[in-house]
Amino acid sequence: MSICLSRDELAELCRTSRKAGQIAFLRLNGIRHYLDAYGWPVVTRAAIGIPQESDAAPAPRWRPNKCASVR
């Protein structure tokens, strides 16, 4: 899974395959994006709330090490 939406996913989100229409949709809805070298909008998955694979795994729970106490 890529960190950014593919062009197909972006077209599905914006309901248009035209880059001008996609840019207008993203601006109108306040979705953070940037333009690549060819003028196409690029949207990260985090900008629209799709969790990354690394975000899905819970952090390990902290447990005290009782036998390493200093006297």
Relative to the longest principal axis of the C-alpha atoms of the chain, give the angle of the C-alpha long axis of helix 19-28, reported between 0 and 90° and rounded to the nearest 10°.
-> 60
Shape of segment 1-51, Cα gyration tensor, a/c cut at 1.5 = rounded
If unit charges are put on Cβ atoms (+1 for Lys and Arg, -1 for Asp and Glu) and the dipole of the chain is taken about its Cα centre, the option from A11, W62, I50 lying farthest towards the positive end turns out to be W62
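Compute, for segment 1-51, the length of the dipole vector about the Cα centre, with Cβ point charges of +1 (Lys, Arg) and -1 (Asp, Glu) only. Units Debye, rounded to 20. Working shown, then result.
On the way: 7 positive and 4 negative charges, 33 e Å.
Result for segment 1-51 is approximately 160 debye, rounded to the nearest 20.
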Mean residue ellipticity (222 nm) of the chain, computed from DSSP H runs ≥ 4 via -39,500 (n - 2.57), nearest 500 = -8000 deg cm²/dmol
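FYI, it's all coordinate maths here, none of it is from the lab. In this text, all values refer to a predicted model and were calculated from it rather than measured experimentally. All Cβ positions, even for glycine, are placed from backbone atoms using ideal geometry, and neighbour counts span all protein chains on display.
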